[in-house]
Number of protein chains: 2
Amino acid sequence: MAKARATIADVAREAGVSKGLVSFALNDRPGVSAHTRDRILAVAKDLGWSPSVRARSLSSDRAFALGVVIARNPEILSSDPFFPALIAGIETALAPVGQALVLSMVGDADAETASYRQLAAHGRVDGVIITDLRLNDPRLALVEELGLAAVTLGRPDIPSPFPSVNLDDAPGIRDAVRHLADLGHVRIAHVAGPATMLHGARRREAFDAALRELGLDAGPDGCLVIETDFSAADGARATRELLALPERPTAIVYSNDPMAIAGMGVAQRDGLRVPEDLSVTGFDDSDVGRHINPSLTTVSTAAQVWGEAAATALLRVVSGEQIDHIELSPALLVVRESTGPRPGTTTRPPEPGTT
Amino acid sequence: MAKARATIADVAREAGVSKGLVSFALNDRPGVSAHTRDRILAVAKDLGWSPSVRARSLSSDRAFALGVVIARNPEILSSDPFFPALIAGIETALAPVGQALVLSMVGDADAETASYRQLAAHGRVDGVIITDLRLNDPRLALVEELGLAAVTLGRPDIPSPFPSVNLDDAPGIRDAVRHLADLGHVRIAHVAGPATMLHGARRREAFDAALRELGLDAGPDGCLVIETDFSAADGARATRELLALPERPTAIVYSNDPMAIAGMGVAQRDGLRVPEDLSVTGFDDSDVGRHINPSLTTVSTAAQVWGEAAATALLRVVSGEQIDHIELSPALLVVRESTGPRPGTTTRPPEPGTT
DNA sequence: CGGCTCACCTGAACCGGTTTAGCCAAACTA
DNA sequence: TAGTTTGGCTAAACCGGTTCAGGTGAGCCG
C-alpha cells in the first residue's frame with residue numbers, strides 16, 4: 001500500500017551512479033556528461049522522484065519559500081481590496097517554480113517585529129516582500145540585520161539595501177485632481193491615509209502638488225486635507241469634518257475606496273447628492289465601487305501585477321542575482337459617476353471672485 | 001561577526017550530555033531526570049538555542065506549518081471581508097506556538113488540486129484548513145488520499161474523515177427573514193451564492209425554511225431566489241432581474257455584503273428608496289456596510305474567531321489528538337438602516353441597531 | 001551475594017539531500 | 001615519453017535534529 005516516496009538514493013541505485021551525481025544532474029551543475037545527465041533524469045522521472053524540499057532546506061540552507069508580513073487591523077484590512085489581489089499575484093509567480101508563500105498577519109508593530117524575527121530564526125523563508133512602507137521604516141534595518149533577502153513594494157524614503165518594485169500612485173492622484181479641476185472644482189479636499197505610511201504620505205504629496213500646479217492651493221482655510229487611519233469609519237469622520245466647514249469643498253479625493261464609499265454615505269445622509277453637490281474619487285478600484293450608486297470614480301492600481309512582479313524580483317534576488325529597481329506602469333484614473341461638474345457651473349455662471 | 005547559530009551539539013557539549021538527551025529534554029519525553037532536564041534547558045536558554053525547524057522537519061517528518069488553499073476569483077475575493085479576518089484568526093493561533101501559515105491562492109479547480117498536491121508532496125504543511133466547502137466536495141477525498149490532516153470550515157454534506165469547525169449560518173438568515181416578516185414584508189427574495197458552494201446552498205435552504213415556517217413560501221411566482229457567483233456584479237444583475245418582476249419583492253436577503261451593497265445601488269438607480277421602497281439585508285458584516293447610506297442590516301459572522309478555532313483544532317489533530325466536531329456560536333443579525341416596514345404599512349420602524 | 005529490574009543516559013544510525021576531496025583515465029603539453 | 005591538466009565520477013562528510021538499541025549503576029529481591 002504505502003509506497004514509500006522515492007529518494008535520491010533510489011534514483012542513484014537505479015541509474016547506477018552515486019547520490020552526488022544525481023544531485024549534480026538535478027541542479028544541472030557542470031561535471032556531468034550530457035549522456036549521463038539524461039539517463040539520470042530519465043530514471044528520476046521514471047521513479048516519479050522529486051527532491052525533498054525538507055532535505056534540500058536542511059543541507060542547502062534555503063527555505064524555498066517567500067514571506068509576507070501584513071501588519072494591519074483586520075477590520076481595515078477586510079475592506080481593502082488590495083491584499084487579496086496582491087497575494088494572488090505573488091502566488092502566480094511562486095506556484096510554477098515550486099516555491100511557497102508564508103503569510104503572517106499581525107495586529108501591532110511588536111508582533112510585526114516578532115514575526116519577521118521568527119520567520120528568519122526558523123529559516124521559514126529566504127526573503128520577504130515588504131509592503132505598506134512607512135516613513136523611516138524600521139523594517140529595512142531589521143530585515144537586513146536578520147539576513148533576509150527582500151524587495152520593497154514602493155520606494156522607501158530612506159536609503160534601502162533592497163531593490164524596490166514600484167507602482168507610482170502619484171499620476172493617479174494627479175489625474176483625479178485634474179479631472180476635478182477640469183470639471184470646474186476649485187475647493188478640492190483630500191482625505192489622506194496615515195502620514196506615517198508612505199503611500200498615504202505620497203498620495204497626499206501628489207495631491208498637494210497637483211493643487212499647486214493648478215494654482216488651486218491658496219484656499220482661504222489653507223489646506224483641505226484630513227488624515228485618517230484608512231478605515232471606512234475614519235473616512236466617514238473626516239468627511240463629516242469637511243462638510244461642516246463654513247465653506248465646504250465641492251470635491252473630495254479619498255486615499256482609498258472604502259473611505260470614499262463611507263464618505264459618499266455621509267454626504268448623502270447630509271442631504272447632498274453625489275455628484276451634483278459633491279464629487280468624490282476613491283483609490284484602488286474595488287469591485288464594490290463599480291456597483292454602488294453612483295459608481296465610484298477611482299484610481300486603479302494593478303495589485304495583482306504588482307504582486308507578481310515583486311515575487312519574481314525577489315526570487316531573482318534570492319538566487320543571487322543583482323537586480324535593479326523595477327518600475328511598473330503607474331496607477332490610472334477610472335472615471336465613473338461619482339464625479340461631476342462643480343455645483344452651479346452647469347445651471348449658473350461661475351461665481352466671480354472665488355478661487 | 002557572523003556568530004553561528006547554536007546547535008543541539010553545542011548545547012549537549014556545554015551541558016555535558018549527549019545530543020539525544022538534549023532532544024529528549026526539549027520534547028519533554030520520559031527518561032530524563034528532572035534535574036538534568038532543568039540543566040539542559042538552562043544551558044539551551046543561555047546559548048540562545050532554539051531547535052532548527054528544518055532539521056526537525058527532516059528527521060521527524062513534520063512541517064510545523066498549516067496550509068490554506070483559497071480558490072476564488074481574486075476579484076470576488078477582494079471585496080469579501082471574510083478571508084482577511086479568517087487568516088488573522090488563524091495567525092493568532094499559530095504564531096504563539098511557532099507554527100507557520102502557508103497560503104495558496106488559486107484561480108481554478110485544477111490549480112487548486114495541484115496546489116494541495118504540491119503542499120503534500122513537498123511536505124510543506126502537516127494539515128490544511130478546508131474553506132469554502134462545496135457540494136460533494138472532491139477535496140475531502142483528495143486531502144485524505146494525500147495523507148494530510150485537515151479540518152473543514154463548516155460541516156460537509158458527505159461523510160468526511162475530518163472534524164469540522166462549524167459556525168452556523170442558518171440562524172442569521174432565519175433572523176433576517178423573521179425581521180423582515182415582522183416589518184410586514186411578504187414578498188421576500190433571496191440573492192443566493194453559487195448552489196455548488198455549501199454555504200451558498202445552506203443559506204438558501206435556511207431562507208426557504210424560514211419562509212415556509214412563516215407561511216410566506218407560496219408566492220404567486222414561486223420562489224424568489226436567484227443564484228449568483230457571489231460577486232458584486234452578479235449581485236447587481238440578480239437585483240435587476242428581481243426588480244423587473246411584474247410583482248417585485250419588497251425585501252431582498254443577500255448572501256453577502258458586496259452583493260447587498262451593489263443591489264442597493266441598482267435599486268437606487270431605479271428610483272427606489274432603501275428602505276422605504278425596498279429593504280435589504282447582507283451577510284458578513286463588512287466595514288463598508290456600516291458606513292454606507294443607508295447602513296446595511298446584515299449578519300455578523302465571527303470570521304476571526306472561526307479561523308482561530310479552526311487552526312487550534314487542526315493543531316490538535318496534527319498532534320494526534322482525536323477531536324470532535326466543534327460548534328461555534330452562530331451568525332447573528334445586526335439590524336441597521338437598510339431594512340424598514342413594508343411599503344404601505346403604517347408599522348413604526350424598529351429602533352435601528354447601533355454599531 | 002547473584003541476578004533482576006528500572007531509571008537514566010550514550011552512541012550511532014537515520015532523515016534525504018548538498019558539497020567537497022580525491023580517484024581514474026583520457027587528452028593535452030612540452 | 002613523461003608530466004600535467006581535465007572531464008567524469010565516487011565516497012564520505014555534513015546539515016541539525018530524532019530515535020532506538022544498548023550500557024551502566026543503583027536499588028531490590030530471594
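Where a number appears in this text, it was derived from the coordinates with a stated rule and is not lab data. Here the structure is a predicted model, which means the values were calculated and not measured. Neighbour counts are summed over all protein chains in view; Cβ atoms, including those assigned to glycine, are modelled from backbone coordinates with ideal geometry.
Can B:Ala6 be described as under 30 Å from A:Gly289 (Cβ atoms), more than 9 Å from DNA strand C (Cβ to nearest atom), out of contact with any Cys (no Cβ under 7 Å at 6 or more places or on another chain) and in contact (Cβ under 8 Å) with a residue 12 or more places away in the chain?
no
Just checking, how many residues over the range A:105-115 are in contact (Cβ under 8 Å) with a residue 12 or more places away in the chain and within 8 Å of chain B (Cβ to nearest Cβ)?
5
Residues to consider are A:Ile40, A:Ile70, A:Ile76; find the one that is touching a residue at least 60 places away in the same chain (Cβ under 8 Å) and either more than 9 Å from chain B (Cβ to nearest Cβ) or assigned to a strand (DSSP E or B) (or both).
A:Ile70
Among what's in the range A:116-130 and is buried (at least 21 other Cβ atoms within 10 Å of the Cβ) and more than 8 Å from chain B (Cβ to nearest Cβ), pick the residue that is farthest from A:Asp61 (Cα to Cα).
In this case the residue turns out to be A:Ile130.
Among the residues of the range B:1-21, what is the count of those that are near DNA strand D (Cβ under 7 Å from one of its atoms) and part of a helix (DSSP H, G or I)?
4
Of the residues B:Ala65, B:Ala55, B:Ala25, only one is surrounded by 12 or more Cβ atoms within 10 Å (Cβ to Cβ), within 14 Å of chain A (Cβ to nearest Cβ), within 10 Å of DNA strand C (Cβ to nearest atom) and closer than 28 Å to B:Val318 by Cβ; which?
The conditions single out B:Ala55.
Across the range A:292-305, which residue is nearest to the other protein chains (Cβ to nearest Cβ) among those that are over 16 Å from the mean Cα position of the chain (by Cα) and farther than 15 Å from A:Ser79 by Cβ?
A:Asn293
Does the range A:33-51 contain at least one residue that is near DNA strand C (Cβ under 9 Å from one of its atoms) and not small (Gly, Ala, Ser)?
Scanning the range A:33-51, I find at least one residue that is near DNA strand C (Cβ under 9 Å from one of its atoms) and not small (Gly, Ala, Ser), so the answer is yes.
Please work out which one of (1) in contact (Cβ under 8 Å) with a residue 60 or more places away in the chain; (2) farther than 20 Å from B:Leu86 by Cα is the condition B:Asn136 fails and give its number.
Only one criterion in (1) in contact (Cβ under 8 Å) with a residue 60 or more places away in the chain; (2) farther than 20 Å from B:Leu86 by Cα is unmet by B:Asn136, namely (1).
May I ask you to list the residues in the range B:235-271 that are under 17 Å from B:Pro81 (Cα atoms) and within 14 Å of another protein chain (Cβ to nearest Cβ)?
B:Gly235, B:Tyr254, B:Asn256, B:Asp257, B:Pro258, B:Met259, B:Ala260, B:Ile261, B:Ala262
Residue by residue, here is whether (1) assigned to a helix (DSSP H, G or I); (2) at the interface with chain B (Cβ under 7 Å from one of its Cβ atoms) holds:
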site: A:Leu86; (1), (2): yes, no
site: A:Glu91; (1), (2): yes, yes
site: A:Pro96; (1), (2): yes, no
site: A:Leu103; (1), (2): no, yes
